[in-house]
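Enquirer: What follows is a single structure, and I will ask about it in a moment.
The values are calculated or read from the model by the stated rules, or taken from the named source; none is laboratory data. Source: prediction; values computed, not measured. Neighbour counts are summed over all protein chains in view; Cβ atoms, including those assigned to glycine, are modelled from backbone coordinates with ideal geometry. Just the protein is used for accessible areas: all its heavy atoms, side chains included, with ligands, DNA and RNA removed. Shrake-Rupley method; radii C 1.70, N 1.55, O 1.52, S 1.80 Å.
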Amino acid sequence: MSDSRTSADGGMETSYGFREVPTGEKQGLVNEVFHKVAKRYDIMNDVMSMGMHRAWKDAMIVSLNPRKERGYKVLDVAGGTGDIAFRIVEASNRQAHATVLDINGSMLTVGAERAKKKKLSDNLTFVEANAEELPFEANSFDAYTIAFGIRNVPRIEVALSEAYRVLKRGGRLLVLEFSEVDLPILDKVYDAWSFNAIPKFGKAITGDAEPYQYLVESIRKFPNQENFAAMISTAGFSRVTYTNYTGGIAALHSGWKL
Ligand SMILES: C[S@@+](CC[C@H](N)C(=O)[O-])C[C@H]1O[C@@H](n2cnc3c(N)ncnc32)[C@H](O)[C@@H]1O
């Protein structure tokens, strides 16, 4: 299942939140969102998820179980302000090297400042580039991680095939993303929180509700657990599995390049 489809006039379209836009226009709109929110991104993450994103990210790193050896190389795509890469380096006893790749220089600037404060810069490289066109040779990384990033990428299937290309044989793909809630009461509470509270908090904290409206809408447009697992398999990955967190509010998908 692909997120891109042909419109009535024959062009390719994809969803930008609840709107359909030409596939070529989505990235510019997404970039505006993250340029606007970059400085407040970390605080808004805590507010929007009531702190839960920290537990989900910690669980992702436990699942990855990074090797504690020099030469272990991870690519964290859509790495933003560095949350995943910092956790990987720390979990490897500062042995692993993580490349934080993001299309948005404003997010990377915040990430590089945080890395300096945490004294993790020696184990990190920041690269401004597109998940759909990774500037790395094939078979370069032991693991590819992406957290809350892939739903923002216009051509998800292209990003997944790039992930497959740059991983070494035996390498691991881990995708953490908002997903479909599968608990009857939680889904109502979650809808009310997402569509009423989050844009209001966004406006109060950043002065602008629109980026947060996009973020909650984009979550609802993302393929559910089964459909996304099928996309990962189609990209060539083996042993594809997923684990729901907090009733499916988030899910961790895993695949291997074997
Ligand atoms: C919600 S943030 C996630 C940041 C971080 N991974 C985290 O979990 O806190 C989404 C990130 O995806 C990035 N992004 C969007 N489209 C991208 C693309 N095509 N290639 C690389 N990064 C992209 C955005 O710039 C933004 O930093």
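Enquirer: Counting only other residues whose beta carbon sits under 11 Å from that of Thr206, what net charge do I get with K and R as +1, D and E as -1?
Expert: That sum, taken over residues with Cβ under 11 Å, equals +2.
Enquirer: Give the shape of the range 116-173 as rounded, prolate or oblate, defined through the alpha-carbon gyration tensor: a ≥ b ≥ c are the square roots of its eigenvalues, a/c under 1.5 means rounded, and otherwise the shape is prolate if a/b is larger than b/c and oblate if not.
Expert: oblate
Enquirer: Okay, next question. How far apart, in nm, are the 7 Å Cα→Cβ label points at Arg114 and Arg220?
Expert: Modelled inter-label distance: 2.8 nm.
Enquirer: Longer than 28 Å from Cα to Cα, which of Lys118/Lys221; Lys57/Lys203; Lys116/Lys203; Lys68/Lys221; Lys36/Lys221 are they? Say none if no pair is.
Expert: Pairs exceeding the cut-off: Lys118/Lys221; Lys116/Lys203; Lys68/Lys221.
Enquirer: Then there is this: Over 10 Å intervals from 0, what percent of Cα-Cα pairs in the range 53-125 sits in each interval?
Expert: 22, 56, 22, 0
Enquirer: Which whole-Hz couplings ³J(HN,Hα) result when phi for each residue of the range 41-53 is put into the Karplus expression 6.51 cos²θ - 1.76 cosθ + 1.60, θ = phi - 60°, listed in order with x for Gly and Pro?
Expert: The phi angles translate into 4, 5, 5, 5, 4, 5, 5, 4, 9, 6, x, 5, 4 Hz.
Enquirer: Under a point spin-label approximation (7 Å from Cα along Cα-to-Cβ), what is the Val189-Lys68 distance to one decimal in nm?
Expert: About 3.8 nm, to one decimal.
Enquirer: Go ahead and estimate [θ] at 222 nm for the chain from helices alone: -39,500 (n - 2.57) per DSSP H run with n ≥ 4, summed, over the residue count, rounded to 500.
Expert: -13000 deg cm²/dmol
Enquirer: How much of the accessible area of the chain, probe 1.4 Å, is carbon plus sulfur, in whole percent?
Expert: Summing carbon and sulfur atoms, their accessible area is 53 percent of the total for the chain.
Enquirer: Return the Rg/Rh ratio of the range 119-258 with Cα-based radii and a Kirkwood Rh.
Expert: With Rg and the Kirkwood Rh in hand, the quotient comes to 1.02.
Enquirer: Using a Gaussian network model of the chain with C-alpha springs under 10 Å, which one of Leu75, Leu186, Leu160 is most mobile by mean-square fluctuation?
Expert: The residue that fluctuates most here is Leu186.
Enquirer: Any aspartates and glutamates with Cα under 17 Å of the Lys26 Cα? List them, leaving off those in the same chain fewer than 8 positions away.
Expert: Straight-line reach from Lys26, under 17 Å: Asp3, Glu13, Asp102, Glu132, Glu133, Glu157, Glu210, Glu217.
Enquirer: Ok, one more. Grab the other residues whose beta carbon is less than 11 angstrom from that of Gly255, score K and R as +1, D and E as -1, and report the net.
Expert: +3
Enquirer: Evaluate the distance, in nm, between pseudo-label points positioned 7 Å from the Cα of Ile43 and of Ala129 along their respective Cα→Cβ axes.
Expert: With each label point 7 Å from Cα toward Cβ, the separation is 3.4 nm.
Enquirer: Okay, next question. Sort out for me the Cα centre separation of the range 18-35 from the range 77-100, rounded to whole Å.
Expert: 27 Å
Enquirer: Find the eigenvalues of the gyration tensor of the Cα atoms of the range 197-258, then list the square roots of 5 times those eigenvalues as equivalent ellipsoid semi-axes, largest first, in whole angstrom.
Expert: 32, 12, 9
Enquirer: What percent do you get for the relative contact order of the range 12-257 when only Cα pairs under 8 Å and 6+ apart count?
Expert: Rounded, it is 20 percent for the range 12-257.
Enquirer: Residues with beta-carbon under 12 Å from that of Tyr164, excluding Tyr164: net charge, scoring Lys, Arg +1 and Asp, Glu -1?
Expert: It works out to a net charge of +3.
Enquirer: Mean-square fluctuation check for the chain, GNM, Cα pairs under 10 Å: which of Gly247, Gly207, Gly105 is largest?
Expert: Taking springs between Cα atoms under 10 Å, the residue moving most is Gly207.
Enquirer: How much FRET efficiency would the formula 1/(1 + (r/R0)^6) give for Asn93 and Trp256, where r is the Cβ-Cβ distance and R0 is 30 Å, rounded to 0.05?
Expert: 0.80
Enquirer: Mind checking the range 69-167 for trypsin sites (Lys or Arg not before Pro) that DSSP puts in a loop (not H, G, I, E or B) and that have at most 16 other Cβ atoms within 10 Å?
Expert: Counting only loop positions with at most 16 other Cβ atoms within 10 Å, the trypsin sites (Lys or Arg not before Pro) in the range 69-167 are Arg70, Arg94, Lys118, Lys119.
Enquirer: Output needed: percent of Cα pairs per 5 Å distance bin for the range 12-257, bins running from 0 to the one holding the longest distance.
Expert: 1, 6, 14, 19, 21, 18, 12, 6, 2, 0
Enquirer: Over the chain, with a Gaussian network built from C-alpha contacts below 10 Å, which listed residue (Leu167, Leu29, Leu108) shows the highest mean-square fluctuation?
Expert: Leu29
Enquirer: Could you compute the longest span of the chain free of GluC sites (Glu not before Pro) located in DSSP loops and having at most 14 other Cβ atoms within 10 Å, not counting the site residues?
Expert: 138-258
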